[in-house]
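Novice: Next up is a structure, given as structure tokens.
Throughout, read-outs are computed from the coordinates displayed, never taken from laboratory work. These figures come from a predicted structure and were not determined experimentally. Cβ placement follows ideal geometry from the backbone for every residue including glycine, while neighbour counts extend to all protein chains displayed.
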Amino acid sequence: MKNILFIGLGYMGSSLVKWIIANKNFKVKLYGHDAFKELQDKIVNSLDNLTAMDSLEEIESEKIDFIIIGTRPNAIDELCLQLNKLNLKGKTIVSMANAINIEQLEFNFKNQSDLTIIRMMLNMNASLRQSVTAIAHKNAKKEKLNFVVKLFQNCGIVEINFGTFIAISGCLPSYVISFFKSITDYAIEKGFKKEQAFRIVETAIIGSIKNCSNSEVDLRTMINQICVPNGSTI
């Protein structure tokens, strides 16, 4: 059984932990640590099978195999300084901080030996088990990489690709929510109740995306089919 530590139990970190715990067939031992003790206690007390780790020095005594870093990018360097004081030989670091590349992480852990570093990025839909997670690595052993993929498949689908992934998945929910907000704000302004506006727009958006995904017609043609001459859409 693998021992996994989540450092950072905010929205993303706690969502991942929740779905990993929900998969009864995925046998791991989970630990949680957060710089904000109040948040750490809240999450640990709300989830079964999550053990609090009050001090990072326990990483050695608890024989942690995988360390998932879910802190904000501006806290990474300070955290790495703390971790680098420990013996991390044979362990795997998985960073969720999309602004920090593998080279930066390698530099922060330059004194460690036999350390695997994997970079990953998910999106906010992990809370619904609908995340699209990207993974990047440099020569990670197949066994460790496969384990990390299975770990995050508990929260959605996983792609071993980074690059423009950040734009087309990681950032995309914000664009979609902005669009959703604009349309529902307009509907409410025109007299619809909020619940009614949300229901109508949600159904129309989800239906449209499913229609696109299942159609054998190219998207430009679909748009033209809706935008008929003198119609309301055009």
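Novice: For the chain, what is the charge dipole size about the Cα centre, in debye to the nearest 20, if Lys and Arg each add +1 at the Cβ and Asp and Glu each add -1 at the Cβ?
Specialist: 520 debye
Novice: Can I ask one more? Mind giving me the nanometre distance, one decimal, between the label points for residue 107 and residue 24, set 7 Å out from Cα along Cα→Cβ?
Specialist: With each label point 7 Å from Cα toward Cβ, the separation is 4.8 nm.
Novice: Something else: Take every DSSP beta bridge whose two residues both sit in the chain, then give the antiparallel share in percent to the nearest 5.
Specialist: Rounded to the nearest five, the antiparallel share is 15 percent.
Novice: Place +1 on the Cβ of every Lys and Arg and -1 on the Cβ of every Asp and Glu in segment 172-226, take the dipole about the Cα centre, and give the residue among 196, 182, 223 whose Cα lies farthest towards its positive end.
Specialist: So the residue furthest toward the plus end is 196.
Novice: Roughly what would the spin-label model give for residue 159 and residue 212, points 7 Å off Cα along C-beta, in nm?
Specialist: 1.4 nm
Novice: In whole Hz, with x marking every Gly and Pro, tabulate ³J(HN,Hα) for segment 202-216 from phi via Karplus 6.51 cos²θ - 1.76 cosθ + 1.60, θ = phi - 60°.
Specialist: 4, 5, 5, 5, 4, x, 5, 5, 4, 4, 5, 5, 9, 7, 8
Novice: While we're looking at this one, here's another question. For q values of 0.10, 0.18 Å⁻¹, compute log₁₀ I(q)/I(0) with the Debye formula on a Cα-only model of segment 113-234, without solvent.
Specialist: Results for segment 113-234 at q = 0.10, 0.18 Å⁻¹ read -0.49, -1.08.
Novice: Under a 5 Å amide H to amide H cut-off, with H placed in plane at 1.01 Å, what residues pair with residue 68 once short-range neighbours are removed?
Specialist: 5, 6, 7, 94
Novice: Calculated FRET efficiency, residue 186 and residue 226, Cβ-Cβ r, R0 22 Å, to nearest 0.05?
Specialist: On the way: r = 19 Å, r/R0 = 0.85.
The computed FRET efficiency comes out at 0.70.
Novice: Please find, in a Gaussian network model of the chain (springs between Cα atoms separated by less than 10 Å), the residue of 18, 138, 91 whose mean-square fluctuation is greatest.
Specialist: 138
Novice: Now a separate question. What is the order of 220, 72, fewest Cβ neighbours within 10 Å to most? Let's see the in-between values first.
Specialist: Numbers: 220 8, 72 12.
Result, fewest neighbours first: 220, 72.
Novice: Hey, another quick one. Please give the residues of segment 3-19, grouped as numeric ranges, whose backbone N is less than 18 Å from a label point set 7 Å along the Cα-to-Cβ vector of residue 46.
Specialist: Counting backbone N atoms under 18 Å from the label point, the list is 6-19.
Novice: Which number comes out as Rg/Rh for segment 172-226 once both Rg and the Kirkwood Rh are worked out on C-alpha atoms? Before the final figure, lay out the partial values.
Specialist: Working: Rg = 13.1 Å, Rh = 12.5 Å.
Computed over Cα atoms, the ratio is 1.05.
Novice: Something else about it: Debye sum, Cα scatterers, the chain, no solvent: what log₁₀ I/I(0) at q = 0.17, 0.18 1/Å?
Specialist: Rounded to two decimals, the profile gives -1.24, -1.36.
Novice: Sort the following peptides by mean Cβ neighbour count (other Cβ atoms within 10 Å, averaged over residues), highest first: 188-199, 56-67.
Specialist: On the way: 188-199: 12.2, 56-67: 16.3.
In decreasing order of mean packing, 188-199, 56-67 become 56-67, 188-199.
Novice: So what's the angle, to the nearest 10 degrees on a 0 to 90 scale, between helix 142-152 and the longest Cα principal axis of the chain?
Specialist: The angle comes out at about 50 degrees.
Novice: Expected output is a single nm value to one decimal: the length gained when fully extending between residue 202 and residue 11, i.e. 0.36 nm times separation in residues minus the C-alpha distance. What is it? Show your work: numbers first, answer last.
Specialist: Numbers: separation 191, 0.36 × 191 = 68.76 nm, distance 2.29 nm.
Going from the current span to full extension adds 66.5 nm.
Novice: Mind checking which lysines have their C-alpha under 21 Å from residue 150, skipping anything on the same chain fewer than 8 residues away?
Specialist: Answer for residue 150, where 21 Å is the Cα cut-off: 2, 18, 24, 27, 29, 63, 91, 138, 141, 142, listed by chain and number.
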